[in-house]
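The values are calculated or read from the model by the stated rules, or taken from the named source; none is laboratory data. Please read all numbers here as calculations on a predicted model, not as lab measurements. Cβ atoms come from the backbone with ideal geometry, glycine included; neighbour counts cover every protein chain shown. Please note that ligands, DNA and RNA were not included when accessible areas were found on the heavy atoms of the full protein model with its side chains. Shrake-Rupley method; radii C 1.70, N 1.55, O 1.52, S 1.80 Å.
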Amino acid sequence: MELKNGRFEIQGVDLEKLCQKYDSPLYIYDAQIMKKQVDTLLRGLSGVNCKIKYAMKALSNISVLKYLKTLGVGLDCVSIQEVRTGKMVGYHPSDILFTPNSISFEEIKEAVAERVVINIDNISILEQFGHEYGDQVECCIRLNPHIMAGGSVKISTGHIDSKFGISIYQMRHLLRIIDNYKIKVIGIHVHTGSDILDIGAFLQGAEIIFDAAHSFKDLKFLDFGSGFKVPYQEGDISTDVSELGDQLAIRYKDFCIEYGKELEIWFEPGKFIVSESGILVVRVNSLKTTPASVFAAVNSGLNHLIRPMMYDAHHEVVNLTNTEGHKRIYTVVGYICETDTFGSDRKLHDVREGDLLAIKNAGAYGMSMASNYNSRLKPAEVMILDGEDHLIRRREELEDLFPTQLEIEC
Ligand SMILES: *Cc1c(COP(=O)(O)O)cnc(C)c1O
(Lines give C-alpha, C1' and ligand atoms only; values in the text may rest on other atoms or scores of the structure.)
Protein backbone atom coordinates (compact mmCIF):
# COMPACT_ATOMS: atom_id res chain seq x y z
CA MET A 1 0.00 0.00 0.00
CA GLU A 2 1.21 3.45 -0.88
CA LEU A 3 0.55 6.92 0.42
CA LYS A 4 -0.37 9.30 -2.41
CA ASN A 5 -1.51 12.85 -1.74
CA GLY A 6 -2.37 11.99 1.83
CA ARG A 7 -4.42 8.91 0.92
CA PHE A 8 -3.48 5.24 1.03
CA GLU A 9 -4.03 3.14 -2.03
CA ILE A 10 -3.19 -0.24 -3.54
CA GLN A 11 -2.71 -0.34 -7.32
CA GLY A 12 -4.51 3.01 -7.50
CA VAL A 13 -7.51 1.75 -5.49
CA ASP A 14 -8.28 4.12 -2.61
CA LEU A 15 -8.45 2.15 0.63
CA GLU A 16 -10.86 4.39 2.50
CA LYS A 17 -13.29 4.23 -0.42
CA LEU A 18 -12.84 0.47 -0.52
CA CYS A 19 -13.94 0.28 3.11
CA GLN A 20 -16.95 2.45 2.34
CA LYS A 21 -17.87 -0.02 -0.38
CA TYR A 22 -17.29 -3.26 1.56
CA ASP A 23 -17.38 -2.08 5.18
CA SER A 24 -14.86 -3.14 7.83
CA PRO A 25 -13.16 -5.18 9.15
CA LEU A 26 -11.84 -6.10 5.75
CA TYR A 27 -8.98 -8.24 4.52
CA ILE A 28 -7.43 -6.72 1.39
CA TYR A 29 -4.90 -8.62 -0.75
CA ASP A 30 -2.65 -7.10 -3.38
CA ALA A 31 -2.20 -9.68 -6.16
CA GLN A 32 0.72 -7.73 -7.57
CA ILE A 33 2.73 -8.40 -4.40
CA MET A 34 1.97 -12.13 -4.60
CA LYS A 35 3.25 -12.11 -8.16
CA LYS A 36 6.35 -10.16 -7.21
CA GLN A 37 7.14 -12.68 -4.46
CA VAL A 38 6.61 -15.70 -6.72
CA ASP A 39 8.80 -14.07 -9.38
CA THR A 40 11.52 -13.48 -6.78
CA LEU A 41 11.45 -17.17 -5.87
CA LEU A 42 11.36 -18.49 -9.42
CA ARG A 43 14.12 -16.16 -10.58
CA GLY A 44 16.31 -16.59 -7.51
CA LEU A 45 16.05 -20.37 -7.49
CA SER A 46 16.19 -20.94 -11.25
CA GLY A 47 19.67 -22.49 -10.92
CA VAL A 48 18.37 -25.48 -8.96
CA ASN A 49 15.54 -26.78 -11.14
CA CYS A 50 13.08 -25.42 -8.62
CA LYS A 51 9.36 -26.06 -8.19
CA ILE A 52 7.25 -23.96 -5.83
CA LYS A 53 4.51 -25.68 -3.83
CA TYR A 54 2.54 -22.89 -2.15
CA ALA A 55 1.66 -23.87 1.44
CA MET A 56 -2.03 -23.10 1.14
CA LYS A 57 -2.69 -23.16 4.87
CA ALA A 58 -1.30 -19.62 4.95
CA LEU A 59 -4.21 -18.25 2.92
CA SER A 60 -6.63 -20.65 1.35
CA ASN A 61 -9.25 -18.51 -0.38
CA ILE A 62 -10.12 -20.24 -3.66
CA SER A 63 -9.66 -17.06 -5.71
CA VAL A 64 -6.17 -16.62 -4.30
CA LEU A 65 -5.40 -20.25 -5.15
CA LYS A 66 -6.76 -19.77 -8.65
CA TYR A 67 -4.63 -16.68 -9.15
CA LEU A 68 -1.48 -18.36 -7.84
CA LYS A 69 -2.07 -21.23 -10.23
CA THR A 70 -1.75 -18.78 -13.14
CA LEU A 71 1.72 -17.94 -11.79
CA GLY A 72 2.82 -21.55 -12.19
CA VAL A 73 2.99 -22.73 -8.59
CA GLY A 74 1.74 -26.05 -7.20
CA LEU A 75 0.32 -26.65 -3.73
CA ASP A 76 1.47 -28.02 -0.42
CA CYS A 77 -1.60 -29.32 1.41
CA VAL A 78 -1.83 -30.46 5.01
CA SER A 79 -5.29 -32.00 5.06
CA ILE A 80 -7.50 -33.98 2.69
CA GLN A 81 -9.80 -30.96 2.69
CA GLU A 82 -7.00 -28.77 1.36
CA VAL A 83 -6.22 -31.42 -1.26
CA ARG A 84 -9.83 -31.44 -2.45
CA THR A 85 -10.00 -27.65 -2.43
CA GLY A 86 -6.85 -27.49 -4.56
CA LYS A 87 -8.24 -30.00 -7.03
CA MET A 88 -11.57 -28.17 -7.15
CA VAL A 89 -9.74 -24.98 -8.10
CA GLY A 90 -8.04 -26.83 -10.95
CA TYR A 91 -4.61 -27.87 -9.70
CA HIS A 92 -3.38 -31.06 -11.31
CA PRO A 93 -2.95 -33.86 -8.72
CA SER A 94 0.72 -34.22 -9.65
CA ASP A 95 1.20 -30.55 -8.67
CA ILE A 96 -0.22 -31.18 -5.20
CA LEU A 97 1.92 -32.46 -2.36
CA PHE A 98 0.04 -33.84 0.64
CA THR A 99 2.10 -33.21 3.78
CA PRO A 100 -0.13 -34.12 6.70
CA ASN A 101 0.78 -34.84 10.27
CA SER A 102 -0.82 -37.06 12.90
CA ILE A 103 -3.51 -38.33 10.59
CA SER A 104 -5.05 -41.77 10.25
CA PHE A 105 -4.11 -44.16 7.48
CA GLU A 106 -7.67 -43.77 6.21
CA GLU A 107 -6.91 -40.17 5.23
CA ILE A 108 -3.75 -41.28 3.42
CA LYS A 109 -5.88 -43.74 1.45
CA GLU A 110 -8.26 -40.95 0.51
CA ALA A 111 -5.35 -38.86 -0.72
CA VAL A 112 -3.98 -41.80 -2.74
CA ALA A 113 -7.40 -42.03 -4.39
CA GLU A 114 -7.05 -38.33 -5.29
CA ARG A 115 -3.74 -39.25 -7.00
CA VAL A 116 -1.72 -36.51 -5.31
CA VAL A 117 1.88 -36.88 -4.13
CA ILE A 118 1.89 -38.41 -0.65
CA ASN A 119 4.41 -37.30 1.94
CA ILE A 120 4.73 -39.74 4.84
CA ASP A 121 6.05 -38.58 8.19
CA ASN A 122 5.55 -41.58 10.44
CA ILE A 123 7.08 -45.08 10.43
CA SER A 124 3.86 -46.76 11.48
CA ILE A 125 1.95 -45.11 8.62
CA LEU A 126 4.75 -46.03 6.21
CA GLU A 127 4.42 -49.69 7.21
CA GLN A 128 0.69 -49.59 6.56
CA PHE A 129 1.37 -47.81 3.27
CA GLY A 130 3.84 -50.48 2.24
CA HIS A 131 1.46 -53.24 3.25
CA GLU A 132 -1.42 -51.69 1.28
CA TYR A 133 0.37 -50.50 -1.86
CA GLY A 134 3.80 -52.15 -2.03
CA ASP A 135 5.59 -50.68 -5.05
CA GLN A 136 2.34 -49.55 -6.70
CA VAL A 137 2.09 -46.03 -5.27
CA GLU A 138 5.03 -43.66 -5.08
CA CYS A 139 5.63 -41.56 -1.99
CA CYS A 140 7.82 -38.96 -0.39
CA ILE A 141 9.37 -39.27 3.08
CA ARG A 142 9.42 -36.42 5.57
CA LEU A 143 12.61 -36.50 7.59
CA ASN A 144 13.34 -34.66 10.79
CA PRO A 145 17.00 -33.58 10.65
CA HIS A 146 16.82 -32.15 14.19
CA ILE A 147 18.02 -28.77 13.11
CA MET A 148 16.92 -25.96 15.30
CA ALA A 149 18.22 -22.68 14.03
CA GLY A 150 16.96 -20.27 16.64
CA GLY A 151 13.31 -19.29 16.72
CA SER A 152 10.78 -20.32 19.31
CA VAL A 153 9.93 -23.97 19.91
CA LYS A 154 6.31 -23.26 18.94
CA ILE A 155 7.18 -22.63 15.31
CA SER A 156 10.19 -24.87 15.04
CA THR A 157 9.42 -28.40 13.93
CA GLY A 158 12.90 -29.86 13.66
CA HIS A 159 13.94 -30.25 17.28
CA ILE A 160 14.36 -33.54 19.10
CA ASP A 161 10.95 -33.63 20.80
CA SER A 162 9.02 -32.62 17.70
CA LYS A 163 6.05 -34.61 16.41
CA PHE A 164 7.00 -33.85 12.79
CA GLY A 165 8.87 -36.12 10.43
CA ILE A 166 10.78 -39.36 10.78
CA SER A 167 13.97 -38.87 12.73
CA ILE A 168 17.15 -39.01 10.71
CA TYR A 169 18.45 -41.28 13.50
CA GLN A 170 15.84 -43.87 12.43
CA MET A 171 17.33 -44.16 8.96
CA ARG A 172 18.25 -47.83 9.31
CA HIS A 173 14.76 -48.75 10.45
CA LEU A 174 13.24 -46.58 7.72
CA LEU A 175 15.32 -48.16 4.97
CA ARG A 176 14.46 -51.66 6.14
CA ILE A 177 10.76 -50.95 5.85
CA ILE A 178 11.19 -49.40 2.41
CA ASP A 179 13.23 -52.38 1.27
CA ASN A 180 10.86 -54.89 2.76
CA TYR A 181 7.75 -53.55 1.05
CA LYS A 182 9.62 -52.33 -2.07
CA ILE A 183 8.19 -48.86 -1.46
CA LYS A 184 9.01 -46.43 -4.24
CA VAL A 185 10.33 -43.29 -2.58
CA ILE A 186 10.45 -40.44 -5.11
CA GLY A 187 11.09 -37.55 -2.75
CA ILE A 188 12.71 -36.56 0.52
CA HIS A 189 11.22 -33.71 2.45
CA VAL A 190 12.38 -31.52 5.29
CA HIS A 191 10.50 -28.62 6.80
CA THR A 192 11.91 -27.51 10.11
CA GLY A 193 9.72 -24.46 10.49
CA SER A 194 12.67 -22.27 11.37
CA ASP A 195 13.44 -19.17 9.35
CA ILE A 196 16.24 -19.08 6.81
CA LEU A 197 18.17 -16.27 8.46
CA ASP A 198 21.62 -17.43 7.68
CA ILE A 199 22.23 -19.08 4.32
CA GLY A 200 25.33 -20.83 5.65
CA ALA A 201 23.24 -22.50 8.35
CA PHE A 202 20.60 -23.46 5.78
CA LEU A 203 23.24 -25.08 3.59
CA GLN A 204 24.57 -27.07 6.53
CA GLY A 205 21.07 -28.40 7.03
CA ALA A 206 20.73 -29.10 3.33
CA GLU A 207 23.87 -31.22 3.55
CA ILE A 208 21.97 -33.70 5.72
CA ILE A 209 19.37 -34.08 2.98
CA PHE A 210 21.92 -34.43 0.18
CA ASP A 211 23.62 -37.06 2.28
CA ALA A 212 20.41 -38.94 3.05
CA ALA A 213 19.38 -38.83 -0.61
CA HIS A 214 22.06 -41.36 -1.51
CA SER A 215 20.16 -44.03 0.40
CA PHE A 216 17.17 -43.74 -1.97
CA LYS A 217 17.57 -44.82 -5.58
CA ASP A 218 14.28 -43.69 -7.14
CA LEU A 219 14.26 -40.02 -6.19
CA LYS A 220 12.75 -37.38 -8.45
CA PHE A 221 12.85 -34.45 -6.05
CA LEU A 222 14.24 -33.07 -2.82
CA ASP A 223 11.85 -30.83 -0.89
CA PHE A 224 13.37 -28.27 1.45
CA GLY A 225 10.07 -27.08 2.89
CA SER A 226 9.86 -23.43 3.77
CA GLY A 227 11.70 -21.07 6.11
CA PHE A 228 11.47 -18.05 3.85
CA LYS A 229 11.32 -15.03 6.05
CA VAL A 230 9.54 -11.76 5.42
CA PRO A 231 10.11 -8.55 7.37
CA TYR A 232 7.37 -7.79 9.90
CA GLN A 233 8.96 -4.64 11.24
CA GLU A 234 11.72 -2.20 10.48
CA GLY A 235 15.09 -3.88 10.93
CA ASP A 236 13.75 -7.39 10.20
CA ILE A 237 15.50 -9.20 7.43
CA SER A 238 13.92 -10.99 4.55
CA THR A 239 15.45 -14.18 3.15
CA ASP A 240 17.80 -13.26 0.32
CA VAL A 241 16.41 -15.69 -2.23
CA SER A 242 18.88 -15.00 -5.00
CA GLU A 243 21.84 -15.45 -2.64
CA LEU A 244 20.28 -18.68 -1.38
CA GLY A 245 19.68 -19.83 -4.96
CA ASP A 246 23.25 -19.05 -6.03
CA GLN A 247 24.84 -20.83 -3.07
CA LEU A 248 22.52 -23.82 -3.25
CA ALA A 249 23.10 -24.14 -7.00
CA ILE A 250 26.81 -24.74 -6.47
CA ARG A 251 26.21 -27.62 -4.07
CA TYR A 252 23.24 -28.87 -6.09
CA LYS A 253 25.27 -29.29 -9.28
CA ASP A 254 27.82 -31.46 -7.46
CA PHE A 255 25.06 -33.45 -5.84
CA CYS A 256 23.38 -34.20 -9.17
CA ILE A 257 26.65 -35.53 -10.55
CA GLU A 258 27.15 -37.73 -7.47
CA TYR A 259 23.57 -38.95 -7.57
CA GLY A 260 23.69 -39.53 -11.32
CA LYS A 261 20.51 -37.66 -12.07
CA GLU A 262 19.10 -34.10 -12.01
CA LEU A 263 16.54 -33.98 -9.26
CA GLU A 264 13.94 -31.25 -8.87
CA ILE A 265 14.26 -29.04 -5.82
CA TRP A 266 10.94 -28.18 -4.22
CA PHE A 267 10.20 -25.39 -1.79
CA GLU A 268 6.95 -24.78 0.09
CA PRO A 269 6.69 -21.09 0.94
CA GLY A 270 3.44 -19.86 2.46
CA LYS A 271 4.18 -16.66 4.31
CA PHE A 272 6.73 -15.45 1.75
CA ILE A 273 4.14 -15.41 -1.02
CA VAL A 274 1.11 -13.94 0.74
CA SER A 275 2.08 -12.23 4.01
CA GLU A 276 3.03 -8.82 2.66
CA SER A 277 0.23 -8.85 0.12
CA GLY A 278 -2.41 -8.62 2.84
CA ILE A 279 -3.70 -6.01 5.25
CA LEU A 280 -6.54 -6.18 7.72
CA VAL A 281 -8.41 -2.87 7.89
CA VAL A 282 -10.29 -2.24 11.13
CA ARG A 283 -12.27 0.70 12.49
CA VAL A 284 -11.61 2.37 15.82
CA ASN A 285 -14.67 1.82 18.01
CA SER A 286 -13.48 3.86 20.96
CA LEU A 287 -10.53 5.36 22.74
CA LYS A 288 -9.93 4.70 26.40
CA THR A 289 -7.38 6.44 28.54
CA THR A 290 -6.30 4.45 31.57
CA PRO A 291 -3.66 5.34 34.16
CA ALA A 292 -1.11 3.46 32.05
CA SER A 293 -2.11 3.64 28.39
CA VAL A 294 -4.31 5.03 25.69
CA PHE A 295 -6.21 2.13 24.17
CA ALA A 296 -7.53 2.30 20.64
CA ALA A 297 -10.24 -0.37 20.60
CA VAL A 298 -11.16 -1.68 17.16
CA ASN A 299 -13.98 -3.68 15.57
CA SER A 300 -11.90 -6.84 15.25
CA GLY A 301 -9.80 -9.05 17.45
CA LEU A 302 -7.90 -12.28 17.85
CA ASN A 303 -10.86 -13.96 16.17
CA HIS A 304 -9.74 -12.36 12.90
CA LEU A 305 -5.97 -12.19 13.36
CA ILE A 306 -4.55 -14.37 16.09
CA ARG A 307 -0.82 -14.07 15.30
CA PRO A 308 -0.04 -11.26 17.76
CA MET A 309 -1.57 -13.19 20.66
CA MET A 310 -0.56 -16.69 19.57
CA TYR A 311 2.99 -16.09 18.38
CA ASP A 312 3.80 -12.70 19.83
CA ALA A 313 4.04 -11.60 16.22
CA HIS A 314 4.68 -7.97 15.46
CA HIS A 315 2.34 -6.42 12.90
CA GLU A 316 2.77 -2.79 11.91
CA VAL A 317 -0.30 -0.64 12.40
CA VAL A 318 -0.99 2.44 10.29
CA ASN A 319 -3.71 5.06 10.59
CA LEU A 320 -5.33 5.11 7.14
CA THR A 321 -7.61 8.06 7.69
CA ASN A 322 -5.29 10.44 9.48
CA THR A 323 -1.99 10.50 7.69
CA GLU A 324 -0.55 13.74 8.94
CA GLY A 325 0.20 15.65 12.08
CA HIS A 326 1.97 14.53 15.17
CA LYS A 327 2.08 10.98 16.40
CA ARG A 328 1.03 9.64 19.79
CA ILE A 329 1.41 6.33 21.54
CA TYR A 330 -1.50 3.88 21.48
CA THR A 331 -2.12 0.30 22.39
CA VAL A 332 -4.38 -1.18 19.73
CA VAL A 333 -6.76 -3.78 21.15
CA GLY A 334 -9.60 -5.94 19.86
CA TYR A 335 -13.20 -6.35 21.01
CA ILE A 336 -12.89 -9.98 22.15
CA CYS A 337 -13.42 -10.78 25.82
CA GLU A 338 -9.83 -11.90 26.30
CA THR A 339 -6.60 -10.00 26.43
CA ASP A 340 -6.58 -9.23 22.79
CA THR A 341 -3.78 -6.88 21.75
CA PHE A 342 -2.82 -6.17 18.15
CA GLY A 343 0.08 -3.95 19.14
CA SER A 344 1.37 -2.27 22.30
CA ASP A 345 2.75 1.25 22.49
CA ARG A 346 2.52 2.02 18.80
CA LYS A 347 3.24 5.46 17.43
CA LEU A 348 0.29 6.41 15.26
CA HIS A 349 -0.94 9.63 13.74
CA ASP A 350 -3.53 11.02 16.12
CA VAL A 351 -6.21 8.35 16.36
CA ARG A 352 -9.84 9.44 16.51
CA GLU A 353 -12.90 7.29 17.07
CA GLY A 354 -14.03 6.18 13.60
CA ASP A 355 -10.56 6.18 12.06
CA LEU A 356 -9.55 3.19 9.94
CA LEU A 357 -6.35 1.39 10.91
CA ALA A 358 -4.47 -0.98 8.63
CA ILE A 359 -2.75 -3.95 10.25
CA LYS A 360 0.02 -4.97 7.89
CA ASN A 361 1.49 -8.33 6.87
CA ALA A 362 -1.88 -9.91 7.45
CA GLY A 363 -2.02 -12.05 4.31
CA ALA A 364 -0.54 -15.17 5.87
CA TYR A 365 -2.19 -17.01 8.78
CA GLY A 366 -4.75 -14.21 9.14
CA MET A 367 -8.06 -15.17 7.62
CA SER A 368 -7.05 -18.83 7.43
CA MET A 369 -6.87 -18.95 11.24
CA ALA A 370 -9.96 -16.82 11.84
CA SER A 371 -12.78 -18.11 14.01
CA ASN A 372 -16.23 -17.18 15.23
CA TYR A 373 -15.14 -16.85 18.85
CA ASN A 374 -17.51 -14.62 20.84
CA SER A 375 -20.03 -15.38 18.07
CA ARG A 376 -18.37 -12.65 16.06
CA LEU A 377 -18.65 -12.81 12.30
CA LYS A 378 -15.72 -13.25 9.96
CA PRO A 379 -14.65 -10.34 7.76
CA ALA A 380 -14.98 -10.06 4.00
CA GLU A 381 -11.95 -10.51 1.75
CA VAL A 382 -11.10 -8.40 -1.28
CA MET A 383 -8.36 -9.02 -3.82
CA ILE A 384 -6.97 -6.23 -5.94
CA LEU A 385 -5.98 -7.55 -9.33
CA ASP A 386 -4.94 -5.42 -12.32
CA GLY A 387 -6.09 -2.25 -10.58
CA GLU A 388 -9.56 -3.56 -9.78
CA ASP A 389 -11.09 -4.74 -6.55
CA HIS A 390 -12.81 -8.12 -6.42
CA LEU A 391 -14.85 -9.37 -3.48
CA ILE A 392 -13.51 -12.90 -2.93
CA ARG A 393 -15.39 -13.68 0.29
CA ARG A 394 -18.54 -11.95 1.42
CA ARG A 395 -18.86 -10.75 4.98
CA GLU A 396 -20.54 -13.27 7.28
CA GLU A 397 -24.01 -12.61 8.64
CA LEU A 398 -25.56 -13.85 11.87
CA GLU A 399 -27.38 -16.63 9.95
CA ASP A 400 -24.01 -18.06 8.89
CA LEU A 401 -23.42 -19.21 12.47
CA PHE A 402 -26.32 -21.70 12.49
CA PRO A 403 -26.47 -23.96 9.40
CA THR A 404 -24.44 -26.73 11.03
CA GLN A 405 -26.08 -26.51 14.45
CA LEU A 406 -29.14 -28.53 15.45
CA GLU A 407 -31.68 -27.28 17.95
CA ILE A 408 -33.16 -29.88 20.30
CA GLU A 409 -36.52 -29.91 22.06
CA CYS A 410 -36.22 -29.16 25.74
C1 LIG B 1 3.30 -24.37 7.24
C2 LIG B 1 4.15 -25.13 6.33
C3 LIG B 1 4.86 -24.49 5.31
C4 LIG B 1 4.86 -22.99 5.11
O5 LIG B 1 5.50 -22.26 6.09
P6 LIG B 1 5.68 -20.68 5.93
O7 LIG B 1 6.38 -20.26 7.15
O8 LIG B 1 4.30 -20.09 5.81
O9 LIG B 1 6.43 -20.41 4.68
C10 LIG B 1 5.61 -25.28 4.46
N11 LIG B 1 5.64 -26.62 4.58
C12 LIG B 1 4.95 -27.27 5.54
C13 LIG B 1 5.03 -28.75 5.62
C14 LIG B 1 4.19 -26.55 6.44
O15 LIG B 1 3.52 -27.21 7.41
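What to note about this one:
- Filter result (buried (at least 16 other Cβ atoms within 10 Å of the Cβ) and over 22 Å from residue 86 (Cβ atoms)) within region 17-44: 18, 19, 22, 24, 25, 26, 28, 30, 40, 44
- Looking only at region 275-286, and only at residues there that are touching a Phe, Trp or Tyr at 6+ places or on another chain (Cβ under 7 Å) and either of a type in the set (A, V, I, L, M, F, W, C) or not in a strand (DSSP E or B) (or both), the one that is surrounded by the most Cβ atoms within 10 Å (Cβ to Cβ): 280
- Among the residues listed as 387, 363, the single one being under 19 Å from the mean Cα position of the chain (by Cα), small (Gly, Ala, Ser) and under 25 Å from residue 230 (Cα atoms): 363
- Inside region 266-322, residues that are within 16 Å of the ligand (Cβ to nearest atom) and farther than 17 Å from residue 361 by Cβ make up a count of 3.
- Pairs linking a residue in region 187-203 that is in a loop (DSSP other than H, G, I, E, B) to a residue that is within 13 Å of the ligand (Cβ to nearest atom) and open to solvent by 40 Å² or more (accessible area, probe 1.4 Å), with Cβ atoms under 7 Å and 6 or more positions apart or on different chains, are 193/155; 194/151; 195/151.
- Scanning region 217-230 for residues that are open to solvent by 10 Å² or more (accessible area, probe 1.4 Å) and under 23 Å from residue 53 (Cβ atoms), we see that the one that is farthest from the ligand (Cβ to nearest atom) is 218.
- For the residues 332, 294, 317, 298, the requirement of being open to solvent by 10 Å² or more (accessible area, probe 1.4 Å) and within 12 Å of residue 357 (Cα to Cα) singles out 317.
- Residues within region 363-376 that are in a loop (DSSP other than H, G, I, E, B) and surrounded by fewer than 17 Cβ atoms within 10 Å (Cβ to Cβ), tallied: 2
- In this structure, residue 99 does satisfy being in contact (Cβ under 8 Å) with a residue 60 or more places away in the chain, hydroxyl-bearing (Ser, Thr, Tyr) and touching an Asp or Glu at 6+ places or on another chain (Cβ under 8 Å).
- If you check 42, 75 for being modelled with pLDDT of 95 or more and outside any helix (DSSP H, G or I), only one passes: 75.
- Members of region 377-405 that are part of a loop (DSSP other than H, G, I, E, B) and open to solvent by less than 90 Å² (accessible area, probe 1.4 Å): 377, 378, 379, 387, 395, 396
- Of the residues making up region 180-200, those that are hydrophobic (A, V, I, L, M, F, W, C) and either closer than 30 Å to residue 237 by Cβ or near the ligand (Cβ under 10 Å from one of its atoms) (or both) are 188, 190, 196, 197, 199.
- Single unsatisfied condition, residue 264 versus (1) at pLDDT 95 or above; (2) out of contact with any Lys or Arg (no Cβ under 7 Å at 6 or more places or on another chain): (2)
- Scanning region 61-84 for residues being surrounded by 15 or more Cβ atoms within 10 Å (Cβ to Cβ) and closer than 17 Å to residue 109 by Cα gives a total of 7.
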